[in-house]
1. Tally Lys/Arg at +1 and Asp/Glu at -1 over every other residue whose Cβ is under 13 Å from the Cβ of Met230; what's the total?
2. Rg and Dmax in Å for the chain, alpha carbons only: what are they?
3. If you average the sequence gap of Cα pairs under 8 Å that are 6 or more apart and divide by the length of the chain, what percent do you get for the contact order?
4. Quick one: net charge around His17, please, counting Lys, Arg +1 and Asp, Glu -1 for every other residue with C-beta under 11 Å from its C-beta.
5. With Cβ to Cβ distances under 12 Å as the rule, what net charge do the other residues near Arg288 carry (K, R +1; D, E -1)?
6. Whole-Hz ³J(HN,Hα) for each residue in the range 336-341, computed from phi via Karplus 6.51 cos²θ - 1.76 cosθ + 1.60 with θ = phi - 60°, x for glycine and proline: what do you get?
7. Mind pulling the angle between the C-alpha long axis of helix 246-264 and the longest principal axis of the chain? Nearest 10 degrees, somewhere in 0 to 90.
8. Over the C-alpha atoms of the range 280-323, what are the Rg and the largest Cα-to-Cα span, Dmax, in Å?
Amino acid sequence: MVKKIVYFCFTPFIRQHYKRFGVDILESNGFEVKVYDFSPIVFPELHKNSNFLPQPVIENHTVFNEENEGVHAIQNLGSECFVVTSGFYQAENLKFFQALSKTNIPYAFYTTATYPGGMASIGKSIWWRFFLKFYRAFTQKQRKDFFSLKKLKSFLCKPVLAPIFGIRSPSICILGGESTLKNNGVAALIGKGTELIWAHSHDYDEYISHLHESTTQEKFAVFVDIGVPMFQWDQLLPQGRTHLTVNQYYPSLCRFLDYVEVELQLKVIIAAHPKSNHVDYPEYFGKRRVLRDQTLNLIKKSKLVISHASTALTYVVLEKKPLLFLTSAEYEADLSYSKFMKMMALSLGTSLINIDEEPYSINWEKKLAVNEEIYLKYKHQYIKKKDSDELNAWQTLANRLKEWQ
């Protein structure tokens with residue numbers, strides 16, 4: 001019988017995560033909930049630079065600063081415990097997955113989010129890719145760089161090789177849209193004995209919690225802020241990539257937002273990224289109003305949404321809003337990321353607008369049209385599998401764990 005649920009967080013556990021991980025829902029179902037925050041060990045640079053964000057105020061939030069301390073805590077979790085991991089297995093958290101795998105404690109991967117393309121390529125042709133890296137290192141005289149211990153460890157700690165290091169598959173994998181199994185399955189270490197629970201993305205939980213609230217559309221457009229380049233998060237992870245620079249990005253963005261406001265006679269409001277700390281009317285946004293923790297409400301009320309790739313596109317699809325999907329010269333310089341952006345735009349029935357390419361030439365009739373059939377397909381593929389429960393994902397898990405033997 002499960003009495004205690006412990007979250008393993010490898011990135012900093014901030015205030016917004018309390019709701020995101022359904023702590024209150026699980027507690028209301030009678031479970032004791034603890035949060036183990038390993039971020040100072042796993043991703044120290046990210047942990048150090050996240051202090052500007054509101055920190056959680058809960059008794060059972062433990063931050064570990066030493067690896068041995070974290071491993072010891074895992075070894076002493078005891079029976080009647082169930083672990084939920086909020087991040088994938090990789091070199092940086094190897095020791096914690098190994099410690100968990102040596103116990104009999106069941107655990108679940110929470111992997112409800114994915115995008116077109118996703119992580120399907122992880123683990124494929126791994127030895128062929130290893131040979132290519134080896135060959136290039138020698139032909140390009142990069143032997144020292146290739147054989148660095150850090151790079152070698154990162155390569156060997158691919159999910160497909162996890163069993164070699166004693167990592168066992170999860171008991172449960174919590175999935176979202178239909179594509180999450182194909183895109184995230186290898187990364188989530190899904191094995192033959194892993195039970196699949198079909199739920200939906202985190203943003204869908206937020207959406208259904210406000211489903212019956214009445215809203216009136218107002219005359220404004222909303223720009224969904226992605227935090228960067230002013231505030232970084234994923235960019236501070238080991239494989240993170242910094243595409244945008246303050247000096248180039250914000251002037252180009254403001255020129256484009258100015259253009260939209262003139263063309264459509266709509267003011268633009270900024271929906272702040274939850275991991276940002278903007279002031280109310282920042283110069284770099286052209287002194288436009290910035291609102292925090294209101295992304296869903298702003299999208300519901302808006303006539304138009306302007307965004308880059310963002311999880312908030314979930315709300316655009318569910319609310320059937322027209323979308324201006326933006327790219328830039330800095331994004332386009334990264335060919336693989338540019339390809340991803342184009343694939344995502346295609347999946348949403350639109351095309352990319354490069355904010356660095358002036359003069360702009362936009363067919364407004366076409367851009368403001370919404371293809372509801374494409375949006376519905378996107379919903380089922382990347383947000384919520386057709387016919388899955390309309391419950392909060394954490395309530396679905398709670399219902400299952402009440403029956404756990």
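Values quoted throughout were computed directly from the atomic coordinates according to the rules given, and no laboratory measurement underlies them. None of the values given here were measured: they were computed from a predicted structure. Every residue, glycine among them, receives a Cβ derived from its backbone with ideal geometry; neighbour counts consider all protein chains shown.
1. Working: positive: Lys275; negative: Asp225, Glu283.
Once positives and negatives cancel, what remains is -1.
2. Gyration radius and largest Cα-Cα distance of the chain: 22.1, 64 Å.
3. 17
4. Neighbourhood net charge equals +3.
5. Working: positive: Lys267, Lys287, Arg289; negative: Asp225, Asp258, Glu261, Asp280, Glu283.
Combined, the nearby Lys, Arg, Asp and Glu give -2.
6. These are the phi-based 3J(HN,Hα) values: 5, 5, 4, 5, 4, 4 Hz.
7. Rounded to the nearest ten degrees, it is 50.
8. Rg, Dmax (Cα atoms, Å): 11.2, 32.
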